[in-house]
1. Kindly evaluate residue 301 against the criterion of being under 30 Å from residue 231 (Cβ atoms) and of a type in the set (Gly, Ala, Ser).
2. Please work out which residue is surrounded by the most Cβ atoms within 10 Å (Cβ to Cβ), limiting yourself to region 301-330 and to residues that are free of Cβ contacts under 8 Å to residues at least 40 places away in the same chain and farther than 21 Å from residue 359 by Cβ.
3. Tally up the residues in region 52-94 that are under 27 Å from residue 268 (Cβ atoms) and part of a loop (DSSP other than H, G, I, E, B), please.
4. Name the pairs whose Cβ atoms lie under 6 Å apart, with the first residue in region 260-283 and more than 18 Å from residue 71 (Cβ to Cβ), the second buried (at least 16 other Cβ atoms within 10 Å of the Cβ) and of a type in the set (Lys, Arg), and 6 or more positions between them or separate chains?
5. Looking at (1) surrounded by 24 or more Cβ atoms within 10 Å (Cβ to Cβ); (2) touching a His at 6+ places or on another chain (Cβ under 9 Å); (3) not acidic (Asp, Glu), can you tell me which one residue 120 breaks?
6. Report yes if residue 102 is over 18 Å from residue 223 (Cβ atoms) and either touching a helix residue (DSSP H, G or I) at 6+ places or on another chain (Cβ under 6 Å) or in a strand (DSSP E or B) (or both), otherwise no.
7. If a residue has to be loosely packed, with under 15 Cβ neighbours inside 10 Å and either modelled with pLDDT of 95 or more or outside the structural domain of residue 232 (by TED's automatic domain parsing) (or both) to count, how many in region 335-345 make the cut?
8. When you go through 239, 263 one by one, which is the residue that is part of a helix (DSSP H, G or I) and either more than 18 Å from the chain's Cα centre (by Cα) or among the polar types (S, T, N, Q) (or both)?
Amino acid sequence: MKVMSKIFGVTFSALCGIAILSQPAHALTMKGNDITLRIGSGHPPFITYIKQFKAVLIPRIVERVKKETKYTIKFREHYSGTIVNVFDTLEGIQDGRLDLGGWCVCFDDDKAMAMNLPFFVPFQHPSALVQRNIGRKLLAQFPELYKDYEKRYNQKLLGFSGFNNYGLLTAFNWNKFEDLKGHKILAAGPNLPWVQGGIPVRTSIPKAAQQLATGVGDGIILFPDTDYKLKLHEAIGNKGVYTVTNFGAVLNINLTMNMKVRKKLPPEVVKIIDEVAIEWEEATAKAADRDHSWGLEKLKAAGIVVRNIDPEAQKAWAEKLKDWPNERAKAVKAKKGVDIGPAMRAFIKMNEENGHKFPVKYVIE
């Protein structure tokens, strides 16, 4: 009962306030030289990229606008589902409930389909900073990946980052890939097909703890620091296993801004926001890499067995997924009209140029 109360305490904070979505939005306000913007996310404030909103993005924008322009700017911050939830942040920015927002493309695997490209290449480089640098080069070379945001969803991509290296927390012990058979594994959206061998079950951060505690899932593909912060190790009884599978540090967090708001703001303010967003990217990636090591240590101290995946198990898992990247490239082209095949090949090459070796060869036609 004590564990369950902790679990529901975490999920409640992420779910409360969703009922106010029907209330009128209070978007950008400008009174003379005073600007107020609304920023938010469906995720809770302890999530790394939101912590960097508070540590880097917001204070640096405020400071620079005050120092470099005649304007002053402040932000109203809304997290944990108080304005948008994890599944509708893109829509909340589109319709003006938020002026800026951070969200995981994993929860918009249809609308943000092309931007889910990193999910389509599992077992990639494990460093969030490396992936951020790859992503910046990739988007410069293939801007069509994010143009849907502007054309269809009334928002502009300002920056992107991720969490850190995905792994597998389980309530059961396993060594061989075949040991996953019959076990229900939680994952979010576009990485749900990563669940091979076991039974895939879709999840999100707000409901993961309850699913694990009630047996809806026997394990979850997530990050060690987030597993610990959400008390998922407690949900499985502190006797589980965290396996560093090296699915990779997927570039999955987008920071976007309402296009109408951008047009209303003074150009010098927009310029500062865009420049600081790039600084936020790098700070978030560096923090994410630190969080991975921190999370592993915390899980280990809590009684979770922490280990690396057996190379043969990883190869067997990857073999089951070797055709999937090409299938996803075809699906995105058919549904969105975006030929991501060249971008996926470039992404794979950039990973390899950064010293990474994939367990299998992905052929993108």
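The values are calculated or read from the model by the stated rules, or taken from the named source; none is laboratory data. Not measured: the values here are computed from a predicted model. No Cβ is skipped: glycine too gets one built from the backbone with ideal geometry, and neighbour counts run over all protein chains shown.
1. Taking the combined requirement at face value, the residue satisfies it.
2. Here the answer is 330.
3. Number of matching residues: 3.
4. If the second residue must be buried (at least 16 other Cβ atoms within 10 Å of the Cβ) and of a type in the set (Lys, Arg), the pairs left are 281/132.
5. Here residue 120 clears every test but (2).
6. Values: over 18 Å from residue 223 (Cβ atoms): no; either touching a helix residue (DSSP H, G or I) at 6+ places or on another chain (Cβ under 6 Å) or in a strand (DSSP E or B) (or both): yes.
Answer is no for this residue.
7. Restricting attention to region 335-345, the residues satisfying the condition of being loosely packed, with under 15 Cβ neighbours inside 10 Å are 335, 337, 342.
Filter once more, keeping what is either modelled with pLDDT of 95 or more or outside the structural domain of residue 232 (by TED's automatic domain parsing) (or both): 342.
Residues that pass the stated criteria total 1.
8. Working: 239 fails: part of a helix (DSSP H, G or I).
Result: 263 is the single residue among 239, 263 that is part of a helix (DSSP H, G or I) and either more than 18 Å from the chain's Cα centre (by Cα) or among the polar types (S, T, N, Q) (or both).
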